[in-house]
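Chemist: One structure follows; several queries about it will come next.
Nothing in this text is a laboratory measurement; each read-out follows from the coordinates by a stated rule. Predicted model, so just to flag it, every value in this text is computed and none were measured. FYI the Cβ positions are ideal-geometry reconstructions off the backbone, even for glycines, and counts take in every protein chain you see.
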There are 2 protein chains.
Amino acid sequence: DVAKDVDESLIEKFLAEVDTIHIQENLRELTDVPHMATTPGDEKTVQTMLRRWQDADTGLDDAWREEYNVYLSFPDANNPNKVTVVDAANAVQHSIREREKAYTSDQDDPEVVQPYAAYSPAGHAKGKLVYANQGKPSDYEQLSQTLNLTGTIAITRYGGAGRGAKAINAAPYGVVGVLVYTDPLDINDGFMSDTNETYPHSWYMPPSGVERGSFNRDFGDLLTPYLAAKEETYRIPPENIVGIPPIPIQPIGFEDAYILICALGGDAAPSEWQGAFNCTYNYGGPGFKPTSEFNNSDVKMDIYNKEVIKNSANVMGVIRGSVEPDRYVIYGNHRDSWVHGAIDPSSGTSVMLEITRVLGWMVKQGIWRPRRSIIFGSWGAEEFGLIGSAEYTEQYFAKLSERTIAYINVDIAVFANATLRASAMPSLQNVIFKASKEVNAPGESSTSVYEAWKLHSNRTSPTHGVIPRLGYLTGAGSDYAAFVHYLGISSIDMSYTYDRSKTNARIYPAYHTAYDTFDYASKYIDPGFVSHQAVARTAGNILIRLADSLLLPFNCSDYAEILEDYLNTAVTLYQQQLEAHKISTEPLKRAVAMFRTNAQQLEKMIHNSDLANETPLKVRRINDQLMLLDRAFLDPLAFPDKYAFRHVIWTSSSAGKATFPGLADAFAQAESSGLDSDWDKVHYHLSVVSQAIEGAASTLADVI
Amino acid sequence: DVAKDVDESLIEKFLAEVDTIHIQENLRELTDVPHMATTPGDEKTVQTMLRRWQDADTGLDDAWREEYNVYLSFPDANNPNKVTVVDAANAVQHSIREREKAYTSDQDDPEVVQPYAAYSPAGHAKGKLVYANQGKPSDYEQLSQTLNLTGTIAITRYGGAGRGAKAINAAPYGVVGVLVYTDPLDINDGFMSDTNETYPHSWYMPPSGVERGSFNRDFGDLLTPYLAAKEETYRIPPENIVGIPPIPIQPIGFEDAYILICALGGDAAPSEWQGAFNCTYNYGGPGFKPTSEFNNSDVKMDIYNKEVIKNSANVMGVIRGSVEPDRYVIYGNHRDSWVHGAIDPSSGTSVMLEITRVLGWMVKQGIWRPRRSIIFGSWGAEEFGLIGSAEYTEQYFAKLSERTIAYINVDIAVFANATLRASAMPSLQNVIFKASKEVNAPGESSTSVYEAWKLHSNRTSPTHGVIPRLGYLTGAGSDYAAFVHYLGISSIDMSYTYDRSKTNARIYPAYHTAYDTFDYASKYIDPGFVSHQAVARTAGNILIRLADSLLLPFNCSDYAEILEDYLNTAVTLYQQQLEAHKISTEPLKRAVAMFRTNAQQLEKMIHNSDLANETPLKVRRINDQLMLLDRAFLDPLAFPDKYAFRHVIWTSSSAGKATFPGLADAFAQAESSGLDSDWDKVHYHLSVVSQAIEGAASTLADVI
Ligand SMILES: [Ca+2]
Ligand SMILES: [Ca+2]
Ligand SMILES: [Zn+2]
Ligand SMILES: [Zn+2]
Ligand SMILES: [Zn+2]
Ligand SMILES: [Zn+2]
């Protein structure tokens, strides 16, 4: 039936079927062994996904694997990376721990990869130690004002700058190696002791815990920009890769960082640089203080990471749409972890498997088939830089651009038990709200996910009053990146998360460590899996509405509201100086006003239509306008230095202003340099964003 | 009726209504005065278009003007460009004619612009004359082997290289100014005398005739790349424009070129450099021969061109579609000429006005409304670089990309009376053939346009046997460029043209001269306007079929045939050397084979469907696959040095091979340099085109 709308009773059935025990058992199976990308454990999860999605009773219409040959970086199991303190005679005075301390047997699995910095070059570095705070450009700048950094090793803490940036920022100062650790201040609310404070006594990171990670800046396979990484695809020479550390870098636990930092000489670092250790964080002499046993000693790094091209698999599954099979709703999460990955990513994968179990069962029972096609993606090698999802979008760029309604990403499903967190294009705000109103908050019977969310994080909308605060997808933190930034597909990224009044942790403390296990997840993140259930219900509800609604549940006026917000910020922050440089903001104002007018007209037209009795082509026409709205914001040439960032509203920005990113970054640069050529770039970005908004607005106008 | 197909009786009605007298009178009105872009004569044609398209009985649903502020270049009417021969004392020995000789009163109109090279810099140059053949890189290279070109003025003939390239190629050798003329060998089949051979005695160019033109390389407004040139749009500094002459250049008539060239000293130029003058073309001493009255004299150029930003208008008109108003068929031609422009472009505009008269009349009578919307564009400032159409595609990029079925361009409708010439994406071959079979060849009652075409120019297709030869849209010769290369819209460019056995003229001899008038067109190009009529009927027939067919008349297998042809050429020419450099052609072979397979599957599926009784959404789904096929070949990053060229199959190429252009150019470069980095680029382009073809093929497969 081409005029059939979403069936509310079916959504109720879906919500009722989503089950905590299934999610728990999914997680148990997925976290059985470490499953870092391309390892045997990863292949085991591939088989799990295929078996589930091909199940005769609860599987999808079809499921298969798709492989890419991608550039990864691993430590050498036979020759572990070593960080030591050595005296003048090169005698080792202290060795940094090579494996995290095991509290449960699974943490002792030989497949637990040594902590390392993926894409750090191999190499040997030795030098006096300095403390460089978070490794930001301003940190090294400040440090270099009193110290000559040439030949030093810098120890930095996580936060404030991207992982790889800590080494990239250091190299110009002559720093030869970088260590990075997680300060208990930033992750443990200050707690440090594993005798009673940290895991297994709580969710806090134990002293030997180390956050692994990928130290690249750009996403996707680094050797095949804009080309799917197939066997015979052209690869750039590895020496041409940009955005990876030029000098060795290695992550260590705070147990070792404590020993190193508290022994540092030199002046005391400023108060913002101080962490939770019970000592003063000094800059370093460079090197250790004369009173330390390490006096005159160097820190030595011996890094044996190897880059290798390996075969990484996505697992794909589909439910074919009944009326519009050529329209896709895509739902995805990565499958690979650093170690057992119970929370990252298996909490999300457990949720995805529960959603597909219920939907697959409804399809196999013959009680449901979505109007539009649903594609599920279990992405490979996300931890190395969103590789599986990025390669997928490169391979199928045209098809996905033309046909994709929306992309839903649930990576870490549950960070904590307090509230929903969702980031999305503003046009999807309404369907997220609608779905979250229909799901009970975890463990609640009378409070909805929506109400709990609004309580924890809200804003006042000129149109809607007080509503939950929806985030923006301006970054590249998970697999939504290629969909948002490269393809311009309206996307959602969501999870359950913290009560920020209860913790300042940057992220859940076991993140990317050997402690992210089933035990940890079930005891400290989501006992009873009720938050997992709430996320599965909310995300699944959204998924069904996107797939089944006769009229796509997109709201253009909510997009207009955010554009107006961005405009107001730009006018407040920039207009005076723009006028001083004879750059008019009128085109931008006109564009935003036109977007608002056309959005209202479209909504009025929809409101005045009896869609169930309209011709299917009229409904399709409106749906095409809605589906393609975000595509109109793409400009493949506007950000030549940001790989695959094309969406002029959501592109990443370093200016830190809630406004148009190209304009904000160009303005910051021009204000700082004062160069005419930089003010030209401000004018350029103002024209780019004005034209994009006007172009998007014109797609919302009457179609001819 | 959503299932209604094209009405053949309506096409017959259209064909019967298309009338030679109307076309003739259109041409008379349009060529009344010179109508160079942004002049009062241009505004007069704007008013003509608006009046016709807003006519109550024969107009369109709506018509309006759209303006852009574009960067143009004009001579100074108060200070004409001068080219003289001066002796050592700077006394003028000879002055090049500043206006063409008038044979009719309209050629004497003060609004006839002085011959000039648009975008040539103003400046004064003086030096010894040399003859540089066609101004190709190889010509200057050869000349420089015996002569020091520093400080010389080069005289070149049209042909062999782009207009501006003749100056760009010269500058590195120290040449300070360039003249360009049309050799009678290249345009007049050798005829030179206006006493009895050239116009007004024939269609040949009179001795004082000068081809004007734009001497830029890239299309679109030069100051606003990728941005629509609105008043407040960011403009690059003029000094950053690339692809325009770095030294003064001026076109002159062959009457003057004869005097200069036949007086040149130095060695005789090779035989391929010789033209039709009754003297030996020497290289120049540099300078004139000792026996010439110009012995020791210099050629002096005083160029006063001025660049100015002016307001140029497109005139747009629409007929709203009844069933799928959000699908556009666009038909366009430029409106601006260099002088009276009877053939270029007014022959095409006369045809467009006759098509819109008949279609408008059918709409106003209520006997027809197209299924899809039809947009007509009367583009401004094409002669300066396809500016009006390019700015239009920049402004409405998203909307046009999403909704445009096809673009039909008829610029010069009739070059000559012999045969149809059409270039198009191969998927449109079939509808062009179908339409051309239904139209009588000019002045014939039993031979179709198709038959005459096949007689003049044919090829043997593996599928269809002997068929007319359809050309490729690899260049940027008219307003189709932005549609083909920037937007990836399936396009057609067509006209009536020569019997090549009867003339070797590069183009019709009055091209871009003051002789391109109504008198010339009606006497020598198309007496009786029967070829105009044939073009109007053929183009209109195609237009109606594209707008009204239930299933779009696109044939994907015809595209596959050309891809296979390109592949075979690539394998023959390149495979051996590619293998020697360890570059596999397998991905390309697999991609082309996949394209063929998927095209056949789609056609089989269509064949097995009863489309009139299918749901409208199924038909729309297939039509979307067909419409968007060319979009899948776009890569906005593959050709960074070619402005707005994104279509990896049809992008311009300098290698001169009928195969994939990026591959061909990269191969030529690598073969010539032998550098590993250049072979890397070959591999890159092989991956780019393979991925694009595979991506396109995947859009033809079953939609999920
Ligand atoms: Ca890639
Ligand atoms: Ca422009
Ligand atoms: Zn993750
Ligand atoms: Zn992660
Ligand atoms: Zn033309
Ligand atoms: Zn022209």
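Chemist: Which value, in Å to one decimal place, does the Kirkwood hydrodynamic radius take for segment B:385-504 when every pair of different Cα atoms is included?
Modeler: The answer is 15.4 Å.
Chemist: Another question about this same structure. For chain B, what is the mean residue ellipticity at 222 nm derived from helices alone (per DSSP H run of n ≥ 4: -39500 (n - 2.57); sum divided by total residues; nearest 500 deg cm²/dmol)?
Modeler: Here the helix-only value at 222 nm equals -10000 deg cm²/dmol.
Chemist: For chain B, take the longest principal axis of its alpha carbons; what is the angle in degrees between that and the long axis of helix B:556-580, to the nearest 10 within 0 to 90?
Modeler: Taking the Cα atoms of chain B, the angle to B:556-580 is about 50 degrees.
Chemist: Multiply the residue gap between B:Leu675 and B:Asn311 by 0.36 nm, knock off their C-alpha separation, and tell me the result in nm, one decimal place.
Modeler: Extra length available between B:Leu675 and B:Asn311 comes to 126.3 nm.
Chemist: Right, something else. How would you rank B:Leu60, B:Leu185, B:Leu30, going from fewest to most other Cβ atoms within 10 Å of each one's own Cβ?
Modeler: Details: B:Leu60 22, B:Leu185 19, B:Leu30 26.
In order of increasing Cβ crowding within 10 Å: B:Leu185, B:Leu60, B:Leu30.
Chemist: So the label point sits 7 Å from Cα along the Cα-to-Cβ vector; using that for A:Glu111, what distances do you get to the other copies, in nanometres, sorted shortest first?
Modeler: With the label placed 7 Å along Cα→Cβ, A:Glu111 yields 8.2 nm.
Chemist: What base-10 log of the normalised intensity I(q)/I(0) is obtained for segment A:90-208 from the Debye formula, alpha carbons as equal point scatterers, at q = 0.17, 0.20 Å⁻¹?
Modeler: Cα-only, vacuum Debye calculation for segment A:90-208: -0.99, -1.18.
Chemist: Using only the C-alpha atoms of segment B:440-570, find the volume of their convex hull and express it per residue in Å³.
Modeler: So the per-residue Cα hull volume is 170 Å³.
Chemist: Here is a further query. Taking the Cα centroid of segment B:332-391 and of segment A:231-259, what is the distance between the two, rounded to the nearest whole Å?
Modeler: For segment B:332-391 versus segment A:231-259, the Cα centre distance is 58 Å.
Chemist: Here's something else I'd like to know. Between A:Ser584 and B:Glu12, what is the label-to-label distance in nm when each label sits 7 Å out along the Cα-to-Cβ direction?
Modeler: 5.7 nm
Chemist: Starting at the first residue of segment A:196-206, write each ³J(HN,Hα) from the Karplus equation 6.51 cos²θ - 1.76 cosθ + 1.60 with θ = phi - 60°, in whole Hz, x for Gly and Pro.
Modeler: 8, 9, 9, 3, x, 8, 7, 7, 6, 5, x
Chemist: Would you compute, for the Cα atoms of segment B:345-401, the largest minus smallest coordinate along each principal axis and list the three values in descending order, in whole Å?
Modeler: Its Cα atoms span 39, 30, 11 Å along the three principal axes.
Chemist: Ok, one more. Remind me, what semi-axes does segment B:321-479 give for its equivalent ellipsoid, largest first in whole Å, using sqrt of 5 times each Cα gyration tensor eigenvalue?
Modeler: Rounded to whole Å, the semi-axes are 26, 21, 18.
Chemist: Could you compute the FRET efficiency for A:Thr460 and B:Arg500, with r as their C-beta to C-beta distance and R0 at 60 Å, rounded to 0.05?
Modeler: 0.20
Chemist: Oh, and also: Determine the shape class of segment A:1-138: with a ≥ b ≥ c the square roots of the Cα gyration tensor eigenvalues, call it rounded for a/c under 1.5, and otherwise prolate if a/b is greater than b/c, oblate otherwise.
Modeler: Values: a/c = 2.71, a/b = 2.46, b/c = 1.10.
Prolate, since a/c reaches 1.5 and a/b exceeds b/c.
Chemist: Could you tell me, in Å, what Rg and Dmax come out for the Cα atoms of chain A?
Modeler: 25.7, 87
Chemist: Right, another one. Run through every distinct alpha carbon pair of the protein assembly as shown and return the Kirkwood hydrodynamic radius in angstroms, one decimal place.
Modeler: Result for the protein assembly as shown, one decimal place: 34.7 Å.
Chemist: At 0.36 nm per residue, and after removing the present C-alpha to C-alpha distance, how many nm does the segment from B:Glu444 to B:Asn240 gain when stretched out fully?
Modeler: 68.1 nm
Chemist: Here's something else I'd like to know. Could you let me know the centre-to-centre spacing of segment A:444-499 and segment A:566-611, using Cα atoms, in angstrom?
Modeler: 23 Å
Chemist: Further question: Long-range amide H contacts for A:Thr447: which residues qualify at under 5 Å (H placed 1.01 Å from N, peptide plane, sequence gap of 5 or more or a different chain)?
Modeler: A:Ala441
Chemist: So, one more: Rounded to whole Å, give me the distance from the Cα center of segment A:653-680 to that of segment A:398-413.
Modeler: 31 Å
Chemist: Would you mind checking which residues have amide H under 5 Å from A:Met205's amide H? H placed 1.01 Å from N; only 5 or more apart, or other chain.
Modeler: A:Tyr199
Chemist: Treating cross-link reach as a plain straight distance, find the aspartates and glutamates whose alpha-carbon is under 18 Å from the alpha-carbon of B:Lys681, omitting any fewer than eight places away in the same chain.
Modeler: Here the aspartates and glutamates satisfying the reach criterion relative to B:Lys681 are A:Glu231, A:Glu232, A:Glu239, B:Glu579, B:Glu586, B:Asp635, B:Asp641, B:Asp665, B:Glu671.
Chemist: Express the C-alpha Rg of segment B:281-382 as a ratio against the empirical globular expectation 2.2 N^0.38 Å, rounded to two decimals.
Modeler: Values: Rg = 25.0 Å, N = 102, 2.2 N^0.38 = 12.8 Å.
Output field value: 1.96.
Chemist: If you don't mind, another one. What is the P(r) of segment A:225-330, as percent of Cα-Cα pairs per 5 Å bin from 0?
Modeler: Taking all Cα pairs of segment A:225-330, the binned fractions are 2, 8, 11, 12, 11, 8, 8, 8, 9, 8, 6, 4, 3, 2, 1, 0 percent.
Chemist: Given N residues in segment B:550-671, what is its alpha carbon radius of gyration divided by 2.2 N^0.38 Å?
Modeler: 1.27
Chemist: Something else: How much FRET efficiency would the formula 1/(1 + (r/R0)^6) give for B:Leu551 and A:Ser654, where r is the Cβ-Cβ distance and R0 is 41 Å, rounded to 0.05?
Modeler: 0.20
Chemist: Normalized C-alpha radius of gyration of segment A:474-515, against 2.2 N^0.38 Å?
Modeler: 1.52
Chemist: Right, here's the next one. Can you compute the equivalent ellipsoid semi-axes for segment A:633-685, i.e. the square root of 5 times each eigenvalue of the Cα gyration tensor, sorted largest first and rounded to whole Å?
Modeler: The equivalent ellipsoid of segment A:633-685 has semi-axes of 19, 12, 9 Å.
Chemist: Helix B:586-607 versus the longest principal axis of chain B: what is the Cα-based angle in degrees, 0 to 90, to the nearest 10?
Modeler: 50 degrees
Chemist: From the label point of B:Pro640, set 7 Å along Cα to the beta carbon, how far off in nm is each other copy's matching point, shortest first?
Modeler: Shortest to longest, the spacings are 0.7 nm.
Chemist: Sticking with this one: On a 0 to 90 degree scale, rounded to 10, what angle separates helix B:20-30 from the longest Cα axis of chain B?
Modeler: Between helix and principal axis, roughly 50 degrees.
Chemist: Computed from the mean reciprocal separation of all distinct C-alpha pairs, what Kirkwood hydrodynamic radius does segment A:66-132 have, in Å?
Modeler: Evaluated over segment A:66-132, this radius sits at 15.0 Å.
Chemist: Now, a different point. Assuming 1.002 mPa s and 20 °C, estimate D for segment A:510-584 with Stokes-Einstein, Rh taken as the Kirkwood radius over Cα pairs, in µm²/s.
Modeler: 123 µm²/s
Chemist: Further, regarding this structure: Can you name the residue in chain B whose Cβ lies closest to the B-to-A rotation axis, and give that gap in whole Å?
Modeler: Axis-proximal residue of B, distance in whole Å: B:Pro636, 2.
Chemist: Distance cut-off 31 Å, Cα to Cα: go down the list B:Lys136/B:Lys437; B:Lys454/B:Lys523; B:Lys82/B:Lys166; B:Lys306/B:Lys502; A:Lys44/A:Lys523 and report the pairs above it. Don't skip to the answer; put the middle values down first.
Modeler: On the way: B:Lys136/B:Lys437 41 Å; B:Lys454/B:Lys523 27 Å; B:Lys82/B:Lys166 19 Å; B:Lys306/B:Lys502 41 Å; A:Lys44/A:Lys523 25 Å.
Going by Cα-Cα distance, B:Lys136/B:Lys437; B:Lys306/B:Lys502 fall outside the 31 Å limit.
Chemist: Got a sec? How would A:His94, B:His607, A:His485, B:His340 order by Cβ neighbour count within 10 Å, fewest to most?
Modeler: B:His607, A:His94, A:His485, B:His340
Chemist: With the label 7 angstrom out along Cα to Cβ, how close does B:Leu455 come to the same site in each of the other copies, in nm, nearest first?
Modeler: In ascending order, 8.8 nm.
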